[in-house]
Amino acid sequence: MRRIGLGSAYNSAMPQAPETIRPMLEIAQIGRLRRARNARRAVMALTCLLVLLGASSLLGVREATVSAESGGIEMTLTYAAVSRLGLATPWELQVTRQGGFSGPITVATTSTYFDIFDQNDLSPQPSSATTDGDLIVWEFEPPQGDTLTVSIDARLEPVFRGGRSADTSVRENGVDVVGVSYRTRVMP
């Protein structure tokens, strides 16, 4: 049995494409190379776009504010309309009554909204906290002055997906006096 080496004898033994087919094979090869180059360019452009969006913080936390006024009480809530997993996410409620508050201030919020957070602190601490169905109800001592500010130091849970809606209201004698609705969307 005769061994064929990798030299010219081997190459001459390989069948060659007829002269009429060679230009078509070269054109097909050029087309494949162009498609591969264009695909690499598209992937690089998409990667650069994502890096630029991240650097510009368009993919980060976006705050929103909702306000309402009724019964002499004004409330303003600053929250994250859009946030990302693991990021510090704002939630700050200001309740104002001209002339101050004569007694405790009761705030009720959808309790499932806070399930998306890893809470570090609620400031000031409520004098009492209870649940009322789907709501968490906090009672705060009246502040010095006309405004109570309640803030939560929290980060979004790293495993949460989607978003969450909530309602927050100020109550007097168990009845909602003023309230707001809002939603936080969670980006991956």
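So, Thr184, is that one at pLDDT 90 or above and either touching a strand residue (DSSP E or B) at 6+ places or on another chain (Cβ under 7 Å) or within 18 Å of Glu74 (Cβ to Cβ) (or both) or not?
yes
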Do we have Gly99 as under 16 Å from the mean Cα position of the chain (by Cα), under 30 Å from Trp138 (Cα atoms) and not in a strand (DSSP E or B) here?
no
Is it the case that some residue within the stretch 75-92 is closer than 23 Å to Asp115 by Cα, open to solvent by 50 Å² or more (accessible area, probe 1.4 Å), at pLDDT 90 or above and of a type outside the set (A, V, I, L, M, F, W, C)?
yes
Being among the small types (Gly, Ala, Ser), at pLDDT below 95 and surrounded by 13 or more Cβ atoms within 10 Å (Cβ to Cβ) is the filter here, so list the residues in the stretch 101-128 that pass it.
Ser111
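The values are calculated or read from the model by the stated rules, or taken from the named source; none is laboratory data. Owing to the predicted nature of the structure, the values given are computational and were not obtained by experimental measurement. Here Cβ is always computed from backbone atoms with ideal geometry, including for glycine, and neighbour counts include all displayed protein chains. Ligands, DNA and RNA are excluded from the accessible area calculation, which covers all protein heavy atoms including side chains. Shrake-Rupley method; radii C 1.70, N 1.55, O 1.52, S 1.80 Å.
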